[in-house]
Amino acid sequence: AQTVTQSQPEMSVQEAETVTLSCTYDTSESDYYLFWYKQPPSRQMILVIRQEAYKQQNATENRFSVNFQKAAKSFSLKISDSQLGDAAMYFCAYRRDRDDKIIFGKGTRLHILP
Amino acid sequence: NAGVTQTPKFQVLKTGQSMTLQCAQDMNHNSMYWYRQDPGMGLRLIYYSASEGTTDKGEVPNGYNVSRLNKREFSLRLESAAPSQTSVYFCASRPVGRSNYGYTFGSGTRLTVV
């Protein structure tokens, strides 16, 4: 069965600094998709970034980028120039290509220190 | 605004009471999902519907029933609420044919069973 592991329940970073959130997953599939979702205190789930497994190039969205290591089954999220609005719970998620369901990790709570 | 609408946003039930959580999307998505979020557990899939007229169990279906009323609506019913069902419930949807898409989430329902 596929699993998603986020080993850091909580992290803190100074405002304007860079932080990296870790995620590993277990799968025997070759075609799949990976996602990072942000959940601020408002509770709304917001898609931050996504990565197709067949793409070697790491996805980027403004200050957010990923380090996708397919062989190591690792998918970390880097947030550059951290802002107070980045404080949230972040969930790593996985979906295999021939499946409808997304599997979520348990989340990492990110604190931004002013 | 286009998106996923969940009602109610908050609910308190007594043990043994029943209720239905409503979800509707106006994005013409085929797939719809119900997740529950508990502290330290991430999001766990309760039920999902890949298309109108079909439903399937997820990871934690016990104590719940669902109805895919039409393409837009997917409801979750608790027949006899238990304190273990105290949680935040999220409805989500996803378009078919866009493999790299994640979910669009509703804003969640915080349910407390006393």
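Tabulated data
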{"item": "All positions within region B:59-114 that are hydrophobic (A, V, I, L, M, F, W, C) and within 15 Å of B:MET32 (Cα to Cα)", "result": "B:VAL66, B:LEU69, B:PHE74, B:LEU76, B:PHE90, B:CYS91, B:ALA92, B:VAL96, B:PHE105"}
{"item": "Region A:58-114, subset touching a helix residue (DSSP H, G or I) at 6+ places or on another chain (Cβ under 7 Å) and assigned to a strand (DSSP E or B), residue nearest to the other protein chains (Cβ to nearest Cβ)", "result": "A:LEU110"}
{"item": "Single condition B:THR54 does not satisfy, out of (1) more than 26 Å from B:ALA2 (Cα to Cα); (2) in a loop (DSSP other than H, G, I, E, B)", "result": "(1)"}
{"item": "Any hit, region A:25-40, residues being away from every other protein chain (no Cβ under 14 Å), in contact with a Phe, Trp or Tyr (Cβ under 7 Å, 6 or more places away or on another chain) and surrounded by 18 or more Cβ atoms within 10 Å (Cβ to Cβ)", "result": "no"}
{"item": "Residues of region A:95-104 satisfying the condition of being surrounded by 15 or more Cβ atoms within 10 Å (Cβ to Cβ) and farther than 11 Å from A:TRP36 by Cβ", "result": "A:ARG95, A:ARG96, A:ASP100, A:LYS101, A:ILE102, A:ILE103"}
{"item": "Selection within region B:8-51 - part of a strand (DSSP E or B), surrounded by 14 or more Cβ atoms within 10 Å (Cβ to Cβ) and in contact (Cβ under 8 Å) with a residue 60 or more places away in the chain", "result": "B:GLN11, B:LEU13, B:MET19, B:LEU21, B:CYS23, B:GLN25, B:SER31, B:MET32, B:TYR33, B:GLN37"}
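Rule-based calculations on the coordinates, nothing more; no lab input. Quantities reported herein were computed from a predicted structural model and do not represent experimental measurements. Glycine gets a Cβ as well: all are built from the backbone with ideal geometry, and neighbour counts include every protein chain shown.
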